[in-house]
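The values are calculated or read from the model by the stated rules, or taken from the named source; none is laboratory data. This is a predicted model, so every value here is computed, not measured. Don't worry about glycine lacking a Cβ; one is built from the backbone with ideal geometry, like all the others, and counts go over all protein chains shown. Keep in mind that these areas ignore ligands, DNA and RNA; they rest on the heavy atoms of the full protein, side chains included. Shrake-Rupley method; radii C 1.70, N 1.55, O 1.52, S 1.80 Å.
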Amino acid sequence: MEILHVSAECYPVAKVGGLGDVVGALPKYQNQLGHTAKVVLPMYRTKFLFDHQFDTVHQGSFDMGEHWFNYSIIKERKNTLGFDLYLVDINGMLDRQSVYGYGDDSERFTAFQIAVVDWLSQWKHQPDIVHVHDHHAGLIPFMMKYCTAYRNLAEVATVLTIHNAQYQGWMGWDKSRYLPDWNSFDWGNLDWQNNINPLASAVKCARVVTTVSQRYLEEMRQNANGLEKLFDYERGKFKGILNGIDTEVWDPSVDPYVSPNFNLIDASLGKLANKKKLCEQFNLDLEKPLFIFIGRLVYEKAADLLPQVIYDSIYHMEGKMNFLVLGSGESTVEAELENMKSKLVGYYNSKIGYNEQLSHQMYAGADFLIMPSRVEPCGLNQMYAMRYGTIPLVRNTGGLQDTVKDFGEPNGYGICFNDATVWDITHAIYRALEIYNQPKLLKKLVTKIMKLDNSWESSAKKYLDLYQSIL
Ligand code: ADP
Ligand code: GLC
């Protein structure tokens, strides 16, 4: 089968979170299973662009409202990522350094999607599957089905994967003029509660819809930022397929960011040496258990609770642990995390910002990872942490619930709790200290988590079976 993935992120070209990791890995594994998976994303001005060579493979133009755009599709020359990578260049729209966060994001991603569909309509043959990810590619199934200029794509099978239903890409109906000509009779396929809602539109128009864990599939019918009824109504189309991790990129025995590298056999020594470096860099105490948080500092991740959790744990448990936080997001949380540094010297430190290298070093050097997310469709951090021998403390939700089993249960290995509250998280930290103080148990759990198989192999195959079922 030939599959075209359309996404706003793809590691290592452009990554903000887990979407980038998934789109950077899944196509590679699909190719290894004997298929042809390709990826197209906007040509942002990221480092990858300047470090690699590209050929222009297509040029075209389209109008969007009052504006006329020329676009180019460039292809990476050497198949560096294990799949064909295509980037869409639109001057003035996509040529920015960051992926998101601009006032004209609606226009930027609409333009990206029109360019992709326009290009696709001119392929000599059609791919078997167009697989769109999240709302940034959510208008594509509609355009392929209902835009008059692209009727030749109407029969191509489309798959939507929802990585996070909190973000839907709403825009007012005044922006409908941006879309290539369509019959106004079809407006209902764009609309949700009087707005154009690209995620809802993709749910309505795609042939099948997946989300990234079985548990989140169940939760989203009750909690999906206003789309609950739609998800329930369309439930026959939905399937949960758990994400995997790219075990070639995330392998502590060869990870270039980690030094020294380590494996299952020498994990204790290897992790200790990595922890020592982190402790020196961040003025923390090697003797104490190190708890880390890595992620977007937003409400869904319950990042707002971190300051209180850190204070309470340090004060109520007599400073028996250290904390290190890496993340960026809401400015109030960032400011609070920064301000705490001077008050908790030697117990806590943080790095505000995005730092891929440091994240790998933290998974390698920490003892415990805290992930108290209010919403977590899958979550990759907990899987990376476990592969690097770091025990996860997770809230029982979404993919966290599907991937972590409490050590109190038979064959368990992590720490699970029910509520995103300061009390529940601190209690989980208390339980982690108990593990840390029993070296035999600690070692047993570290060995267990490092052996878990969360690789992409089985999930990549599930996607292929799903494609097959709709062809
Ligand atoms: P989400 O996609 O919701 O942010 P995931 O757990 O699926 O959450 O994936 C997050 C990914 O982003 C992981 O690869 C994690 O290591 C990475 N990440 C998040 N924040 C940062 C940061 N500040 N610096 C480096 N990597 C980060
Ligand atoms: C989203 C979700 C996260 C998931 C990731 C990759 O960003 O928030 O839980 O792991 O996508 O699917």
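Is one or more of the residues making up the range 139-152 more than 16 Å from ligand 1 (Cβ to nearest atom), touching a residue at least 24 places away in the same chain (Cβ under 8 Å), in a loop (DSSP other than H, G, I, E, B) and not β-branched (Val, Ile, Thr)? Scanning the range 139-152, I find at least one residue that is more than 16 Å from ligand 1 (Cβ to nearest atom), touching a residue at least 24 places away in the same chain (Cβ under 8 Å), in a loop (DSSP other than H, G, I, E, B) and not β-branched (Val, Ile, Thr), so the answer is yes.
The set of residues in the range 341-371 that are assigned to a helix (DSSP H, G or I) and either closer than 22 Å to residue 395 by Cβ or within 10 Å of ligand 1 (Cβ to nearest atom) (or both) comprises 356, 357, 358, 359, 360, 362, 363.
A Cβ distance below 8 Å, combined with a sequence gap of six or more or placement on separate chains, defines the contacts here; from the range 319-332, residues that are open to solvent by 10 Å² or more (accessible area, probe 1.4 Å) reach residues that are within 12 Å of ligand 1 (Cβ to nearest atom) and hydrophobic (A, V, I, L, M, F, W, C) in the pairs 328/297; 328/352; 329/297; 329/298; 329/303; 330/297; 330/298; 330/303. If you scan the range 377-396, which residues turn out to be more than 10 Å from ligand 2 (Cβ to nearest atom), open to solvent by less than 10 Å² (accessible area, probe 1.4 Å) and under 19 Å from residue 418 (Cα atoms)? Within the range 377-396, 391, 392, 393, 394 meet the criteria.
I'd like to check something: does the range 390-403 contain any residue that is among the aliphatic types (A, V, I, L, M), modelled with pLDDT of 95 or more and in a loop (DSSP other than H, G, I, E, B)? The answer is no; no qualifying residue exists.
With respect to (1) closer than 15 Å to residue 387 by Cα; (2) surrounded by fewer than 20 Cβ atoms within 10 Å (Cβ to Cβ), the lone exception for residue 271 is condition (2). Restricting attention to the range 75-119, the residues being over 14 Å from residue 41 (Cβ atoms) and either surrounded by 14 or more Cβ atoms within 10 Å (Cβ to Cβ) or touching a helix residue (DSSP H, G or I) at 6+ places or on another chain (Cβ under 7 Å) (or both) number 10. Filtered by the rule that a residue be open to solvent by 30 Å² or more (accessible area, probe 1.4 Å) and within 16 Å of ligand 1 (Cβ to nearest atom), the range 153-168 gives 166, 167. Against the list (1) closer than 29 Å to residue 315 by Cα; (2) within 12 Å of ligand 1 (Cβ to nearest atom); (3) free of Cβ contacts under 8 Å to residues at least 60 places away in the same chain; (4) open to solvent by 30 Å² or more (accessible area, probe 1.4 Å), the condition residue 374 fails is (3).
What about residue 356, is it crowded, with 24+ Cβ neighbours inside 10 Å, in contact (Cβ under 8 Å) with a residue 24 or more places away in the chain and acidic (Asp, Glu)? Criteria not met by residue 356.
Of all residues in the range 169-196, none satisfies the criterion of being over 22 Å from residue 67 (Cα atoms), in contact with a Cys (Cβ under 9 Å, 6 or more places away or on another chain) and open to solvent by 40 Å² or more (accessible area, probe 1.4 Å). Scanning the range 449-466 for residues that are at pLDDT 95 or above, assigned to a helix (DSSP H, G or I) and open to solvent by 60 Å² or more (accessible area, probe 1.4 Å) gives 451, 461, 462, 465.
Helices (runs of 4 or more DSSP H) fully within the range 183-275 that include at least 1 residues being more than 30 Å from residue 439 (Cα to Cα) and in contact with an Asp or Glu (Cβ under 7 Å, 6 or more places away or on another chain): 198-205, 214-219.
All of 306, 264, 297 fail the test of being of a type outside the set (Val, Ile, Thr) and more than 16 Å from ligand 1 (Cβ to nearest atom), apart from 264.
Contact map, the range 48-61: residues that are without any contact (Cβ under 8 Å) to a residue 60 or more places away in the chain and surrounded by 11 or more Cβ atoms within 10 Å (Cβ to Cβ) paired with residues that are outside any strand (DSSP E or B) and of a type in the set (Ser, Thr, Tyr), Cβ distance under 7 Å, separation 6+ or inter-chain. Pairs shown: 52/80. Residues in the range 8-27 that are within 16 Å of ligand 1 (Cβ to nearest atom) and in a helix (DSSP H, G or I): 9 in all.
Report whether or not residue 184 is assigned by TED's automatic domain parsing to the domain that holds residue 40, over 22 Å from the mean Cα position of the chain (by Cα) and of a type in the set (Gly, Ala, Ser). Answer is yes for this residue. If you scan the range 377-393, which residues turn out to be near ligand 1 (Cβ under 7 Å from one of its atoms) and of a type outside the set (A, V, I, L, M)? Scanning the range 377-393 gives 378, 379, 381, 384. Among the candidates 298, 254, the residue that is among the β-branched types (Val, Ile, Thr), surrounded by fewer than 21 Cβ atoms within 10 Å (Cβ to Cβ) and within 16 Å of ligand 2 (Cβ to nearest atom) is uniquely 298.
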